[in-house]
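Student: Structure provided below as structure tokens; questions to follow.
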Amino acid sequence: MSEILTSLPIESDTDIVGLRQVTSAMADVLGFSTFAKTRTVTAIVELGRNAVVYAGGGRVQFSLGTHDSFVAMRAVISDQGPGIPAADDILHGDVSIASGRGLRGVRHIADSFQVRTGSGGTRIDAAFVSGVPADKLMTYAETARAAVSKIIAFDPAAELARQNRELLDAIATRDLLMREVHHRTGNNLALISALVQMSRSNTTNTETKQVLADLDARIHAVIKAHQMMQQTAESDSLSLMDFLRQIAANAEHAFKVQDRSISVITQGNDVQIESQIAINVGLIVSELITNAYKHAFSGRSSGRIEVSFEHLPEGPSICVADDGKGLSDAGQGPARAHSLGWKLIRTLTRQYGGAIEIDGTRGLSVTILFDHSLLLPK
């Protein structure tokens with residue numbers, strides 16, 4: 001039977017000071033003699049300092065249990081370091097291993113001492129027996145818990161540090177979960193894309209093939225955004241120009257036809273953009289490139305599509321232009337079309353306060369001027 005009292009992080013010299021105070025207070029509650037108290041505090045502080053120095057930090061869990069009919073103070077020190085090399089030799093007294101003298105010393109001081117160590121970390125369980133009868137465990141546990149609480153509450157800096165560590169741990173956990181979500185989403189999108197491509201290969205209907213090709217291009221725009229989010233340290237934003245270059249390269253690959261050469265060029269100064277906004281911008285650009293491939297170069301064996309970005313005083317601007325056949329009445333043409341692609345372009349453009357400008361005099365040029373909120377602040 002045991003009663004857990006508290007768990008303390010040990011990551012710095014400040015934490016070692018707190019560890020010393022908590023151990024000292026528990027020794028006082030259990031009535032350790034001055035000599036026994038000094039030995040116990042020295043032993044636990046040594047284990048805590050080893051965790052900081054050799055493993056980059058860890059945790060100490062304090063509890064009260066019973067040992068040979070008496071109450072014992074128990075400290076479990078755990079870390080995720082590289083482990084203790086030659087631990088068996090150290091504990092069995094190989095005096096040639098100088099770095100293990102502290103650990104051997106603690107082993108001789110403690111009434112119970114167990115070590116589990118490996119490449120995944122180390123866990124040391126040490127117990128120090130008092131003269132308190134075992135049947136007084138619950139009473140002394142309550143007293144020790146109150147004494148430890150006073151020490152923690154008395155040091156506002158230590159409490160703030162503890163709260164900050166808990167917040168950082170929560171953020172790290174959230175980031176790990178978000179990376180896993182993005183990874184699973186990317187895998188699912190890749191599977192959907194593969195199914196679409198299989199369906200496209202198996203159908204003989206020209207119109208169905210075209211619809212599936214358009215759908216696959218949209219899926220790949222989202223896939224590229226997720227891939228870039230996984231590759232960047234900050235998963236909530238990414239490089240716009242890198243993203244547009246990947247969209248362009250994917251379009252060239254998807255619409256590549258033998259004896260026909262259509263190049264897609266990207267240019268512009270780079271900016272950072274939120275990942276969700278990037279997905280929507282990628283869908284817009286992918287739709288415009290797809291439209292150019294489908295309609296601009298009929299009867300031609302070569303052509304050029306240019307995707308450009310400018311950060312104008314009135315707002316960020318993205319232009320997709322081709323050197324194809326153009327349109328005689330661009331103002332009333334594609335921007336008013338009822339196709340799914342143009343409905344998507346209009347909806348996403350409106351979502352970011354954008355305006356569409358079309359010029360069909362020399363090829364077709366579609367420029368979208370967005371609101372400043374499209375970009376992350378510098």
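The values are calculated or read from the model by the stated rules, or taken from the named source; none is laboratory data. Owing to the predicted nature of the structure, the values given are computational and were not obtained by experimental measurement. Neighbour counts run over all protein chains shown; Cβ positions are idealised from the backbone, glycine included. All accessible areas refer to the heavy atoms of the entire protein, side chains included, with ligands and DNA or RNA removed. Shrake-Rupley method; radii C 1.70, N 1.55, O 1.52, S 1.80 Å.
Student: If r is the Cβ-Cβ distance from S239 to H295 and R0 is 35 Å, what FRET efficiency results, to the nearest 0.05?
Tutor: Details: r = 30 Å, r/R0 = 0.86.
For S239 and H295, the calculated efficiency is 0.70.
Student: Where q = 0.13, 0.15, 0.17, 0.26 Å⁻¹, what log10 of I(q)/I(0) comes from the Debye formula for the stretch 235-319, counting one point per Cα?
Tutor: Debye output, listed in q order: -0.44, -0.56, -0.70, -1.32.
Student: Between R260 and D359, 0.36 nm times their residue separation minus their Cα-Cα distance comes to what?
Tutor: On the way: separation 99, 0.36 × 99 = 35.64 nm, distance 2.50 nm.
Result for the pair: 33.1 nm of gain on full extension.
Student: How many nm separate the modelled label positions at D111 and R346, each set 7 Å beyond the Cα in the direction of the Cβ?
Tutor: Placing both labels 7 Å along Cα→Cβ, they lie 8.3 nm apart.
Student: Going by accessible area, probe 1.4 Å, with all protein chains left in place, what is the ranking of Y352, Y54, largest first? Walk me through the intermediate numbers first.
Tutor: Details: Y352 25, Y54 150 Å².
Largest to smallest exposure gives the sequence Y54, Y352.
Student: Continuing with the same structure: Rounded if a/c is under 1.5, else prolate if a/b beats b/c, else oblate: with a ≥ b ≥ c from the C-alpha gyration tensor eigenvalues square-rooted, which is the stretch 1-43? Intermediate results must be reported in sequence, preceding the final value.
Tutor: Working: a/c = 2.52, a/b = 1.24, b/c = 2.03.
Oblate, because a/c is 1.5 or more while a/b does not exceed b/c.
Student: Between S373 and S33, what is the FRET efficiency for a Förster distance of 51 Å, r being their Cβ-Cβ separation, to the nearest 0.05? Present the calculation step by step, with values, prior to reporting the outcome.
Tutor: Values: r = 69 Å, r/R0 = 1.36.
Plugging the Cβ-Cβ distance into 1/(1 + (r/R0)^6) gives 0.15.
Student: Given a 1.4 Å probe and the protein chains all in place, what does the accessible area of E3 round to, in Å² to the nearest 10?
Tutor: 50
Student: Let me ask something else. When the Kirkwood radius is taken over all Cα pairs of the stretch 1-101, what Stokes-Einstein diffusion coefficient follows at 4 °C and 1.567 mPa s, in µm²/s? If you can, show how the numbers build up before the last one.
Tutor: Working: Rh = 14.6 Å.
D = 89 µm²/s.
Student: Go ahead and run the numbers for FRET between N202 and S2, Cβ-Cβ distance against an R0 of 51 Å, rounding to 0.05.
Tutor: Plugging the Cβ-Cβ distance into 1/(1 + (r/R0)^6) gives 0.20.
Student: While we're looking at this one, here's another question. For labels at L91 and A134 in the simple 7 Å Cα→Cβ model, what's the distance in nm?
Tutor: Here the modelled spin labels are 2.3 nm apart.
Student: Residues of the stretch 283-316 with amide nitrogen under 16 Å from the 7 Å Cα-to-Cβ point of K325?
Tutor: Zone members listed by number: 291-304.
Student: State to the nearest 20 debye the size of the charge dipole of the stretch 22-135 about its Cα centre, where the only charges are +1 on K and R beta carbons and -1 on D and E beta carbons.
Tutor: Dipole magnitude for the stretch 22-135 comes out near 240 debye.
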